[in-house]
Structure formats: C-alpha cells, structure tokens
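Contents: one structure, followed by commentary.
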Amino acid sequence: MASVDVPVALLGYGTVGSAVSRLLVESADDIERATGHRLRVVRALVRDPEKERAFPADPGVLTTDIADIRDDPSIAVVAEVMGGIEPTGDYVLALLAAGKPVVSANKQLIARRGAELFGAASAAGVQLRFEASVCAAIPVIKVLREALVVTTVHRILGIVNGTTNFILTEMEKGSGYDEALAEAQRQGFAEADPTEDVSGADAAAKMAILATVAFGSRVTLDDVEYEGIESITPLHVAAAREMGMAVRLVGAASLVGGKLDVRVHPALVDRRHPLAAVEGAFNAVMLQGDAIREITLEGPGAGGIETASAVVADMVSVIGTTGTGFLQNDACWRELEPLEPGRLRSPFYVRLDVEDRAGVLAHVALRLATHGVSIGRLVQHQDNGSATLHIVTHEAPAGDVDAALEEIGGLEESRSAPSALPVISDRGVPGLGWA
Ligand SMILES: NC(=O)c1ccc[n+]([C@@H]2O[C@H](COP(=O)([O-])OP(=O)(O)OC[C@H]3O[C@@H](n4cnc5c(N)ncnc54)[C@H](OP(=O)(O)O)[C@@H]3O)[C@@H](O)[C@H]2O)c1
C-alpha cells in the first residue's frame, strides 16, 4: 500500500507542540503502519520564531501568521497546543470554518467555549477532538465516547490535577503546605504561579469536560462548584491518616435522579479506595455505571511527551486508517522472540526453613550475593531449634535467584527446598519486569 503524505499544522510549538513534532518524526513508521499515512508538520504558529526550541522545527515551518495555516488547503488537521482562551478560540473557530479538523489540548478553552466551538465544528462538518485536554496521556475521552458508547455512566470520580495530588502526598510524608508546594515547583510539577491548580480551577475545567462527554449535556466551568487545597493543613492529613484515610482533591460528577452535580473539593478517601493509592503527580479517573460497575484509569496527567501522545492519537483518529491498519485488525506486524527463561527481573519473596544455629544467615546471604542477589528485607521466626527466614530480595533476574536457591537448598542447615515468589510492589516503572 502506498503511503500518503499528510501535511499537518500546529498552533503553538512550546512544551507540548515540540513534543508533538518530535513524536510525529520519531513514530512516523508506527503511524504509517497504523494509518497508511505519514503526518508531516508543515506549519506551526508561534509568537517568536527565533526562540530556541526543544525539538527544532524544519526551516520555514514556524510562522506568526494564522493565515498561513488557515488558508493552506493542503493542511489536513491542526493541533491546537498554544493554550489560553484568546486569541486561541477565534483561531480555532477560523480553522473549523475553513474546513480543517482540529485537535486541542486546551481544557480551559474547551470547558469555557465548548458550545460555540463544537457548534462550529458540526456546522463545518469537521471533527474537534480534545483527548489531551483531560488527564494528558490517560485516554479517558476515548473510553467514554467509544468503548462505553452503550453504557450509562452515572458517576465519575477523579484525581485530575497532578500538582495538588503531589502536594497532598508530600504532606502525607510530613511536609507543610508551603514546603510541599515549593517541592512541587522545584520538581516542575507546579507553575511559578500555582493558583489555577491549587484553587481547584484546573480540575474543575477537566471535570466540566468529562461530565459533558459522559452525560451528553453541556457543562461549563461556571457550572462546577470548586474548592482547592489552600486550606488543607498537616492536621487534616494527620487526622485522615489516623482514621485510615487520605486527603485527596477529588472531582466528582454525578447524575442523581436525572439531575447533574459536578464539583471539585478536598475529600477524605478511604485507604482501600483506588483513588487513595494515586500518589505524586499521577491522575486517575474512576467511571461508574450499570453495565461496567467500575473502571479506573490511572496514569500521568501532564508532561510534554505524555500530552503529545494523546494529541497525536487524536490526529491519527482524524486522519483515519486505510487498508489493514491496526484499527481494523489485530495489529501483528512483527515476530518477537520469547525472553530467555530466567532473564525476567523482579524482586522476590523467598522462604527458607533452616536449622537455628550460628552462621546460617551468613551462609544464605553469601549464596545469594554470589549470584548478585541482594536482600531488601528479612524477617526471622524461631521455633524449637529451627528457623524460618522470610526474605524479600532487591530486583534480580529470576534465573539468578533460582540458582542461588538451589545452592541454599543443598546447604546442610536447610530443612526443605526453598522457593521464590515474585513481589509486585512497584508502579510499573520502566525496567521492572513483573509490573
Ligand atoms: N505542558 C503540559 O504538561 C500540558 C499538559 C496537558 C495540557 N497542556 C495544554 O497544552 C497547551 C500548551 O501547553 P504548553 O505547556 O506546551 O505551553 P507553552 O510551552 O507555553 O507553549 C505555548 C506555545 O504557543 C505559542 N503561543 C502562545 N500564545 C500565542 C499567540 N498569541 N500567538 C502565537 N503563538 C502563541 C508559544 O509561542 P512561543 O514559543 O513563540 O512563545 C508556544 O510555542 C495548553 O493549553 C496546556 O493547558 C499542557
């Protein structure tokens, strides 16, 4: 199948825009495999074309004139990644009127001017997609609109602002509010002016969009009652902990007896609830409905490349697929070899029944160390001349742990064949085999 060259444009070439440009170049083969198309950025609107960019644009791509994009009939889709309400909203309206599909990462624009923008898109018969405007990399809009098309969702609970969640989890570790905010700023999770996040306004915009999509009734930012986390003190956090709960900034959108309620407020969440386990700058959205019971999506809610992945996915959806792209079949395009047995890495729980005598532990530790396996935690139970050792190792290849256990099983102090179970304690950080 011949590949089709598809010129695309960006409004904005900052954190997200340059990441979109990078993804389109670096994932060009993946996109082509999926769609039969190669998306090429031919224009990007900026304020200052001379500024240094994280991923420089090709010569002649940057422009300060929206007409260069609006009036170019070859441009098939435009990604709005410049932010703000004005002039952004008018630019998007002009693009839609010119028949160009738009994808946007701009929650404030969608939450404030959605009615007007979607009306213009419908009138022009083009798509306006907005996956990246809510929770960046988490594909919640796609799930709500496509996967759950025949499901009635009656409640959405979400942690939809990473900055405030980072601050609250820092406070759980003992920081005061100001100290936690300063740490969030130092690590790049909070803006120099954090008002939009800590006041709850950012979360409110996202909940307005989610409620609109889930319930099919327009919800704007003005319809969302919200309160931020500025008044949360270490006393709240400590009291919550004592009661087995965690303080979280929760967005809640509910359909109650045919009426809508959308709000954002700090809440105490039971430690066993999935939202209490969402830590740091992560986001999570829990969808509740009759047929689905409960689905929770969790992931990074911000970041250039994370947001760009959702923007590019929307662009791919707009462009669609031809031939046998992955949206039509099972997506097998290569044959991967199975990993050699024993190479998968994980922390392991090891249980050893040994004689309770001096030097046993040293023998066990030595055998593990010989195979490069180090001990993370150890608990020992003694009983009438014998001892049970419960060991949690640091991450190691399964084969090395097995080899060490075989030797340990052969020690004269060993009373039974030792065995190992993988421990899953991490959150899927790259490199962690079992996660
Ligand atoms: N960053 C994230 O993690 C993230 C996550 C989710 C959603 N978003 C959303 O994505 C959008 C972009 O965010 P960002 O972080 O990429 O912002 P950014 O780094 O500030 O980039 C904004 C870009 O838009 C251009 N721009 C702004 N106003 C303009 C104007 N009036 N005319 C022409 N160009 C203009 C800027 O040009 P110059 O470069 O010349 O100044 C810059 O290239 C926002 O709506 C944001 O809410 C961001």
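The values are calculated or read from the model by the stated rules, or taken from the named source; none is laboratory data. Please read all numbers here as calculations on a predicted model, not as lab measurements. Neighbour counts are summed over all protein chains in view; Cβ atoms, including those assigned to glycine, are modelled from backbone coordinates with ideal geometry.
Brief remarks follow.
- In the range 72-85, residue nearest to residue 17 (Cα to Cα) [restricted to those that are part of a loop (DSSP other than H, G, I, E, B) and near the ligand (Cβ under 8 Å from one of its atoms)]: 81
- Residues that are hydrophobic (A, V, I, L, M, F, W, C) and over 14 Å from residue 198 (Cα atoms), drawn from the range 139-170: 140, 141, 143, 144, 147, 148, 149, 150, 153, 156, 157
- Residues in the range 335-356 that are over 19 Å from residue 373 (Cβ atoms) and under 27 Å from the mean Cα position of the chain (by Cα): 336 only.
- Residue in the range 330-348 that is among the hydroxyl-bearing types (Ser, Thr, Tyr) and either within 16 Å of the ligand (Cβ to nearest atom) or modelled with pLDDT under 90 (or both) present: no
- Once the range 299-329 is narrowed to residues that are more than 16 Å from the ligand (Cβ to nearest atom) and surrounded by 19 or more Cβ atoms within 10 Å (Cβ to Cβ), the residue that is modelled with the lowest pLDDT is 325.
- Residue ID - surrounded by the fewest Cβ atoms within 10 Å (Cβ to Cβ), chosen from residues in the range 49-71 that are part of a helix (DSSP H, G or I) and touching a strand residue (DSSP E or B) at 6+ places or on another chain (Cβ under 7 Å): 68
- The range 129-145 residues that are closer than 21 Å to residue 96 by Cα, paired with ones that are among the aliphatic types (A, V, I, L, M) and part of a loop (DSSP other than H, G, I, E, B) (beta carbon under 6 Å, 6 or more apart): 132/105; 133/105
- When the residues of the range 105-133 are filtered to those that are in a loop (DSSP other than H, G, I, E, B) and not hydrophobic (A, V, I, L, M, F, W, C), the one that is nearest to the ligand (Cβ to nearest atom) is 106.
- Candidates 24, 11, 45 - the one that is within 16 Å of the ligand (Cβ to nearest atom), surrounded by 21 or more Cβ atoms within 10 Å (Cβ to Cβ) and either free of Cβ contacts under 8 Å to residues at least 60 places away in the same chain or over 28 Å from residue 135 (Cα atoms) (or both): 45
- The range 93-127, residues that are under 26 Å from residue 200 (Cα atoms) and surrounded by 23 or more Cβ atoms within 10 Å (Cβ to Cβ): 103, 104, 105, 106, 107, 109, 110, 111
- Flag if residue 191 is in the same structural domain as residue 20 (by TED's automatic domain parsing), under 22 Å from residue 84 (Cβ atoms), surrounded by fewer than 18 Cβ atoms within 10 Å (Cβ to Cβ) and of a type in the set (Asp, Glu): no
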